[in-house]
Structure formats: structure tokens, C-alpha cells
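The values are calculated or read from the model by the stated rules, or taken from the named source; none is laboratory data. Please read these numbers as outputs of a predicted model, since none were measured by experiment. Ideal geometry is used to build each Cβ from the backbone, glycine not excepted, and the neighbour counts take in all protein chains shown.
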Amino acid sequence: MSPAAPATAFDTRTRILNLAEELLLARGFNAFSYQHIAKDLGVKPAAIHYHYPSKEELGAAIVQRQLRRLRKWRDLPRVTELTPPQQLEALLDVYRHRAAHGPQVCLFGALAADFLTLPAVMQQELRTFSGELTHWLAGVLAAGRTDGSLQFAGHPFSKAAQVLTTLAGSLQVARVHGEEQFHYILRQLRTELLPPAQA
């Protein structure tokens, strides 16, 4: 086998995964098929099945990749070395980037509406993703309240869940009313979480 063969196979598999992720975040898991992917990539559906025998496997691969990205981002020195307000802002930047680049929403927003119809493996992977992100943000909020750089009432985990739900919803609102509405929501979050001198 030539050295190029594995690379070609890898590239095809990656292209499939990349496009499927784009479609999932833009349309939802139930709104695209292997036919859509095959047409956009200029390949036969059989080529998709070769790399991902079932859509369930493809969907799970998307969520697993997003989870790996989350863990890598969370553990980057440029994130871990930030102050709590800066870590919060780094998270907001992730959603801001999503709002500024087309109709895609976040993973949770894309899959939550279809959750009861998702394959069990995808449901579990989404729970893991959501749980880890919420746990991380709760730690950021708790640290910020302790050192006085963030303010909020209630339990940090509950507040983290509220913030993430708001961010997911803000991307949905931006689809309907435009990106400006997204920035209104972000400003309100900052007003609520940052002491007056920082907001």
C-alpha cells in the first residue's frame, strides 16, 4: 500500500466528519442524511457508510470530537492561567465566534430539541459534554465569587447551568433577530455577573 493511501482515507473520513458537524449545528441531527453529505462532498453514499456504517456512529463521533475540543480548550495554559472574569470572557468569546459565523448554534442547542429521538450513545455523550462544561463554569464562578471578581446569588452549579442555558438560547435568538440581539444578551450577563466597576 502506498504511503498516500492512509492519508487519503483519513482525509475523506475527516471531511465527512467536518461536513456532518456543520450540518448538525446548522440543521439538527434529524435534518440531514448521508445523501446530503455525499452530494456536498461529491462521493457516493457508500463511501460515507464505509467510514461511518451508521448515522448513530457518525453522530457519536461528532459529539465525542466536541468533547475532546472542550477538554483541550479548558486545559490550555492560556485559559487556566486567566482570572475568573477572564475565563468567563473566554467562554463568551466561544459563543460570540459562533454567533458571528453563520447560522450554526452550539452543540447543546443543536441537539437538545431532538434529544428524545437521538440514539442512546449520543444522549449519553451529550450529557457528558454538558456536565463537564457546567462543572468547569461552576468552578470559575465559585472562584470568582470567593475573590470578589464575580457576583451572583445561589449555588455556583445552578448559576453555571443558567448561564449556559442563556448562551445556548442566545444563539437561537440570533438566528431569528440577528447578531445584535446576541450581544444584548451578553451585555446583560456581564451586568449580572461582574461587579459594577468591571461590568
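Residues in region 175-195: is at least one touching a Leu at 6+ places or on another chain (Cβ under 9 Å), loosely packed, with under 15 Cβ neighbours inside 10 Å and at pLDDT below 95?
yes
Quick check: anything in region 154-165 aromatic (Phe, Trp, Tyr), part of a helix (DSSP H, G or I) and touching a Phe, Trp or Tyr at 6+ places or on another chain (Cβ under 9 Å)?
Going residue by residue through region 154-165, those that are aromatic (Phe, Trp, Tyr) are 157.
If we keep only those that are part of a helix (DSSP H, G or I) as well, we get 157.
In the following step, the residues that additionally are touching a Phe, Trp or Tyr at 6+ places or on another chain (Cβ under 9 Å) were identified as none.
No, region 154-165 contains no residue that is aromatic (Phe, Trp, Tyr), part of a helix (DSSP H, G or I) and touching a Phe, Trp or Tyr at 6+ places or on another chain (Cβ under 9 Å).
More than 30 Å from LEU150 (Cβ to Cβ) and of a type in the set (S, T, N, Q), is that true of GLN66? First the steps, then the outcome.
Working: more than 30 Å from LEU150 (Cβ to Cβ): no; of a type in the set (S, T, N, Q): yes.
No, not satisfied.
Identify, from the list ASN18, ASN30, the residue that is touching a residue at least 60 places away in the same chain (Cβ under 8 Å) and of a type in the set (S, T, N, Q). Break it down stepwise before answering.
Working: ASN18 fails: touching a residue at least 60 places away in the same chain (Cβ under 8 Å).
Of the residues listed, the single one that is touching a residue at least 60 places away in the same chain (Cβ under 8 Å) and of a type in the set (S, T, N, Q) is ASN30.
Please go through region 25-77 and pick out each residue that is over 21 Å from the mean Cα position of the chain (by Cα), assigned to a helix (DSSP H, G or I) and charged (D, E, K, R).
LYS39, ASP40
Please determine whether any residue of region 82-96 is in contact (Cβ under 8 Å) with a residue 40 or more places away in the chain and surrounded by fewer than 14 Cβ atoms within 10 Å (Cβ to Cβ).
no
Can you list residue pairs whose Cβ atoms sit under 7 Å apart, with the first residue in region 50-62 being farther than 16 Å from GLN35 by Cβ and the second being in a helix (DSSP H, G or I) and among the charged types (D, E, K, R)? Count only pairs 6 or more apart in sequence or on different chains.
These pairs meet every condition: ALA60/GLU125; ILE62/GLU21.
Any idea which residue in region 148-199 is nearest to PHE129 (Cα to Cα), counting only those that are of a type in the set (Val, Ile, Thr) and without any contact (Cβ under 8 Å) to a residue 12 or more places away in the chain?
Start the filter on region 148-199 by keeping residues that are of a type in the set (Val, Ile, Thr), which leaves 163, 165-166, 173, 176, 185, 191.
Subsequent filtering for residues that are without any contact (Cβ under 8 Å) to a residue 12 or more places away in the chain retains 165, 176, 191.
Numbers: THR165: 14, VAL176: 26, THR191: 27 Å.
Filtering first and then ranking leaves THR165.
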